[in-house]
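Below: one structure, written as structure tokens.
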Amino acid sequence: MSSGNAAAAPQEDLMIRVIDREGVEHTLAAIEGWRVMEVIRDWGLDIKAECGGACACATCHVYVDEEWVEAIQPATDEEIDKLDEAPMVERNSRLSCQILVSPEINGLRVKLAPGSESD
Ligand code: FES
């Protein structure tokens, strides 16, 4: 069914959920187009993200909740190569600087991985 009125969709309030290394879950307001890493960092959670999002350091490693793995855009070859350098990589590992916030992943849940904490 078409409503014919889809042009002016209001900007949706987006959020992501992040579990810190103590196991505490944080709900963070997020802006479409931002990198998940940037949202985590800007809310003051501890993430090293040494290269600032250039896919060059693997210190923004997160584990994506199983229910969200299929919803996010697949990893590029570049991301997969860089993830090889991160410790304790799992099937659901991703670099959070390579995931862009969008309405499709509103509510995304990730866990900060070991090795992504700042020194
Ligand atoms: Fe360096 Fe993500 S911030 S790879």
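Each residue of the chain gets 124 Å³ once the volume of the Cα convex hull is shared out per residue. In this structure the amide hydrogen of ALA49, modeled in the peptide plane, comes within under 5 Å of the amide hydrogens of THR59, CYS60, none closer than 5 places in sequence on its chain.
Just from its helices, what would the mean residue ellipticity at 222 nm be for the chain, if runs of 4 or more DSSP H residues each count -39500 (n - 2.57) and the sum is divided by every residue, rounded to the nearest 500 deg cm²/dmol? The per-residue figure over the chain is -3000 deg cm²/dmol.
Readers should treat all values here as calculations from the given coordinates under stated rules, not as data from a laboratory. Only a predicted model underlies this, so the values are computations on that prediction, with no experimental measurement involved.
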